[in-house]
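Working notes, beginning with the structure itself.
The values are calculated or read from the model by the stated rules, or taken from the named source; none is laboratory data. Just so it is clear, the structure is predicted and the values come from calculations on it, not from any experiment. Quick reminder, even Gly has a Cβ in these numbers, built from the backbone with ideal geometry, and neighbours come from all protein chains shown. Side chains included, ligands, DNA and RNA excluded: accessible areas come from the protein's heavy atoms. Shrake-Rupley method; radii C 1.70, N 1.55, O 1.52, S 1.80 Å.
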Amino acid sequence: MTLEKTLRQQLNDPEPGGFHVTHDGWNVTLTADKRDSLSCALNELALERNSPIQEELPAWAARVAERVTGLIEPLRVIEVDQPIGKALLRSEAPTVRDGKSFYYELILERTGQTSAHLRRYSGDRIGGDKREPVTFVLTHDAIVKLVTDIVGSN
């Protein structure tokens, strides 16, 4: 079974909350507040692999930023730190609502293992309050595309 089919099968399971699937060396974990037949209210989407992927970190980050299109805002590469093996991607332009900025943050890691962690944050634009994680809703199709875009052909 392909990663896409495995994810769709889990997403269509009527059990509430998140889930974990393993496919072809990748461990995919969705931490969800709610889940229905069309979408999930996610706290975090995490992908982990016990070995490094073939793709170099800068190329992986650039590919993910280019291919991920199912989020409210497109992602852009903010920083690639080769020595520590991490890349930071964030929303190109945050959504502003009621004086707060909302943005996605994706951290890619390529060291002895490989990982990708997506969260959404909000922060007060005027008061400068610290950011806080917020739940974000994605359709099942958007989740499947997001995961396959991050994994690529690795």
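Looking at (1) closer than 23 Å to Phe136 by Cα; (2) modelled with pLDDT under 90; (3) in contact with a helix residue (DSSP H, G or I) (Cβ under 9 Å, 6 or more places away or on another chain), which is the only condition Met1 fails?
(1)
Within segment 85-94, which residues are over 24 Å from Gln54 (Cβ atoms), surrounded by 18 or more Cβ atoms within 10 Å (Cβ to Cβ) and either over 13 Å from the mean Cα position of the chain (by Cα) or hydrophobic (A, V, I, L, M, F, W, C) (or both)?
If the condition is that a residue be over 24 Å from Gln54 (Cβ atoms), surrounded by 18 or more Cβ atoms within 10 Å (Cβ to Cβ) and either over 13 Å from the mean Cα position of the chain (by Cα) or hydrophobic (A, V, I, L, M, F, W, C) (or both), then Pro94 is the only one that fits.
Mind checking which residues of segment 19-67 are assigned to a loop (DSSP other than H, G, I, E, B), among the hydroxyl-bearing types (Ser, Thr, Tyr) and open to solvent by 60 Å² or more (accessible area, probe 1.4 Å)? Spell out how you get there, then give the answer.
As a first pass, look at segment 19-67 and keep what is assigned to a loop (DSSP other than H, G, I, E, B): 24-25, 36-38, 50-56.
Subset that is among the hydroxyl-bearing types (Ser, Thr, Tyr): 37, 51.
Selection gives Ser37 alone.
Which of the residues that make up segment 60-88 are over 24 Å from Thr135 (Cα atoms) and among the small types (Gly, Ala, Ser)?
Residues satisfying the conditions are Ala62, Gly85.
Among all residue pairs at least 6 apart or on different chains, which show Cβ distances below 9 Å where the first residue, located in segment 12-23, is under 22 Å from Thr148 (Cβ atoms) and the second is of a type in the set (D, E, K, R) and assigned to a strand (DSSP E or B)?
That search, which allows pairs on different chains as well, returns Asp13/Arg35; Gly18/Asp33; Gly18/Arg35; Gly18/Glu44; Phe19/Arg35.
Per-residue answers, yes or no, for (1) of a type in the set (Phe, Trp, Tyr); (2) crowded, with 16+ Cβ neighbours inside 10 Å; (3) free of Cβ contacts under 8 Å to residues at least 12 places away in the same chain; (4) assigned to a strand (DSSP E or B):
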{"residue": "Arg76", "(1), (2), (3), (4)": "no, no, no, yes"}
{"residue": "Glu79", "(1), (2), (3), (4)": "no, no, yes, yes"}
{"residue": "Pro83", "(1), (2), (3), (4)": "no, no, yes, no"}
{"residue": "Val96", "(1), (2), (3), (4)": "no, no, no, yes"}
{"residue": "Tyr103", "(1), (2), (3), (4)": "yes, yes, no, yes"}
{"residue": "Leu106", "(1), (2), (3), (4)": "no, yes, no, yes"}
{"residue": "Glu109", "(1), (2), (3), (4)": "no, yes, no, yes"}
{"residue": "Gly112", "(1), (2), (3), (4)": "no, no, no, no"}
{"residue": "Ala116", "(1), (2), (3), (4)": "no, yes, no, yes"}
